[in-house]
Structures are given as C-alpha cells and as structure tokens.
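Notes follow once the structure below has been shown.
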Amino acid sequence: MDILRPIDLASWPRREHFEHYRERVPCTYAMTVDVDVTELVDTLRGTPVRSSVAQIWALSAVVNRHAEFRTALDPSGAPAVWDVLHPSFTVFNPERETFASVWTPHREDFVTFHREAADVLDQYRTASSLFPQDDVPPNVFDVSSIPWTSFTGFTLGIRDARDHLAPIFTLGRYRRIEDRVILPLAVQIHHAAADGFHTARLVTELQELFASPQWASGPAS
C-alpha cells in the first residue's frame with residue numbers, strides 16, 4: 001500500500017518557500033527543454049521495445065528519486081510526501097480522434113514496467129472514455145504526448161491549480177539536429193513543490209538515463 005507521509009515542518013528546508021508559493025504568491029511554472037535521445041533511439045532500433053514506454057519509465061524513475069516531485073497535500077491540506085508516484089499517460093484512439101488517460105504502477109525494473117504498460121496501451125487503444133480504468137490511485141503524475149509535431153515551448157493554462165503539486169510532462173515529436181535525435185519535453189510544476197534547481201536536476205538525470213540506455217536493452221514484449 002502506498003503511503004502519504006507527513007512532512008515535519010519544523011525541520012523542512014522548504015517550509016518558507018512552500019508557504020510563500022502556496023499562500024502568498026501561488027504559482028506554477030513551465031520549462032521546455034530539448035532532450036537528446038540519440039543513444040536511446042539507436043538502442044531500441046530493431047527491438048520490440050516501445051520508445052514511448054521507455055520515455056515514460058525514465059520520467060517515472062527520476063520523479064521517484066526526489067521527494068519534491070512526490071509532494072502532495074494530506075486531507076487537512078498539510079504538505080506530505082508519497083512513498084511512490086505512478087505514471088498516468090495517454091493513449092490515442094485515431095478513429096474517434098480522442099485520447100484516454102491510463103496508468104500503470106511504477107516499477108524499478110524496466111522490463112516489468114514495459115510489459116505492464118504495453119498491455120495497458122493495447123487494452124485501451126480503442127477506449128471511448130477519458131478515464132477507462134476504475135482503479136486510478138491518488139498518487140499519479142501525468143505524462144501526455146503530442147507525437148504529431150515538435151515544439152519549442154508548451155504551457156498548460158490550469159485553472160485552480162493551487163492544490164496540484166505533482167509534475168506534468170508533455171512530450172513532442174522527435175526532430176533531428178545534424179546527427180542527433182532530439183525530444184522536446186515540457187515540464188510544468190507548482191513552485192511550492194519545486195524550484196528551478198530541482199527541475200533542472202530532473203532534466204539532467206533524465207538526460208543521463210537516455211544517454212546510457214543499457215536499462216532498455218533487455219528483452220521486452
């Protein structure tokens with residue numbers, strides 16, 4: 001069972017920042033970056049591994065390394081941290097031109113995650129509802145994809161986002177710059193949960209995973 005653990009406010013280094021950006025100047029911010037996925041693409045070429053699932057796993061792996069990206073509010077509104085966040089991601093239905101939002105548990109092991117996520121994508125690729133699963137837990141973060149176009153900037157205009165502390169990721173279409181393959185990635189986060197330093201570290205660690213993708217070279221189906 002995933003647990004939401006209270007934060008000891010007396011010893012929490014972010015207490016003042018949290019209170020400022022939640023109560024006095026509530027705001028979110030967005031960062032759009034180019035991530036080099038050349039090595040990942042080369043590793044996956046000719047294999048049954050789905051690149052979209054590999055991208056989601058890498059995001060989930062980095063998110064779960066850091067408490068600031070697992071910060072949430074408990075029922076009383078006090079800050080707390082989930083033991084784990086699970087990825088919620090989209091699957092497109094081309095006949096309806098709509099998407100469904102689905103989820104699968106975070107797994108440390110990529111092969112297990114790939115199998116389970118691929119099954120979910122296959123099961124709900126013809127879904128007609130936005131949320132076809134009835135077991136979505138409260139501790140999820142969102143990953144969406146716009147594989148039809150690349151972009152250099154992307155911002156979600158979220159109304160009443162005061163209580164949404166989990167990060168939101170948007171992935172774009174690959175583009176080539178000389179001999180490199182670039183993935184556009186937009187990150188949106190509540191400033192009460194994380195500062196630019198934390199988001200920059202997340203991007204750096206994500207880039208490191210993509211640059212050394214041995215984790216994705218195992219068997220998958």
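The values are calculated or read from the model by the stated rules, or taken from the named source; none is laboratory data. Treat the numbers as computed from the prediction; the structure is a model and nothing was measured. Neighbour counts run over all protein chains shown; Cβ positions are idealised from the backbone, glycine included. These accessible areas exclude ligands, DNA and RNA; they are computed on the full protein's heavy atoms, side chains included. Shrake-Rupley method; radii C 1.70, N 1.55, O 1.52, S 1.80 Å.
Before moving on, here are some points about what is shown:
- Residue check, Asp142 under 21 Å from Asp83 (Cα atoms), open to solvent by 10 Å² or more (accessible area, probe 1.4 Å), charged (D, E, K, R) and without any contact (Cβ under 8 Å) to a residue 60 or more places away in the chain: yes
- Check on Val111, β-branched (Val, Ile, Thr), out of contact with any Ser or Thr (no Cβ under 7 Å at 6 or more places or on another chain), surrounded by fewer than 19 Cβ atoms within 10 Å (Cβ to Cβ) and under 30 Å from Arg15 (Cβ atoms): no
- Of everything listed in (1) at pLDDT 95 or above; (2) β-branched (Val, Ile, Thr); (3) farther than 30 Å from Ser212 by Cβ, the single unmet condition for Thr28 is (1).
- Within segment 107-150, being over 19 Å from the mean Cα position of the chain (by Cα) and among the basic types (Lys, Arg) holds for one residue alone: Arg125.
- Residue in segment 21-30 that is touching a strand residue (DSSP E or B) at 6+ places or on another chain (Cβ under 6 Å), in contact (Cβ under 8 Å) with a residue 24 or more places away in the chain and either open to solvent by 70 Å² or more (accessible area, probe 1.4 Å) or closer than 21 Å to Ser88 by Cα (or both) present: yes
- Looking across segment 97-127, the residues that are out of contact with any helix residue (DSSP H, G or I) (no Cβ under 7 Å at 6 or more places or on another chain) and in a helix (DSSP H, G or I) come down to Val111, Thr112, Arg115, Glu116, Asp119, Val120, Leu121, Asp122, Gln123.
- Selection status of Phe110, closer than 24 Å to Ala186 by Cβ and in contact with a Gly (Cβ under 9 Å, 6 or more places away or on another chain): yes
- Test: residue in segment 76-93 that is open to solvent by 40 Å² or more (accessible area, probe 1.4 Å) and either at pLDDT below 95 or more than 19 Å from the chain's Cα centre (by Cα) (or both): yes
- In segment 15-49, the residues that are assigned to a strand (DSSP E or B) and of a type in the set (Ser, Thr, Tyr): Thr28, Tyr29, Thr32
- First in segment 105-117 and under 13 Å from Pro87 (Cβ atoms), second anywhere and open to solvent by 40 Å² or more (accessible area, probe 1.4 Å) and of a type outside the set (Lys, Arg), Cβ under 8 Å, 6 or more apart: Pro105/Glu116; Arg107/Glu116; Phe110/Trp215
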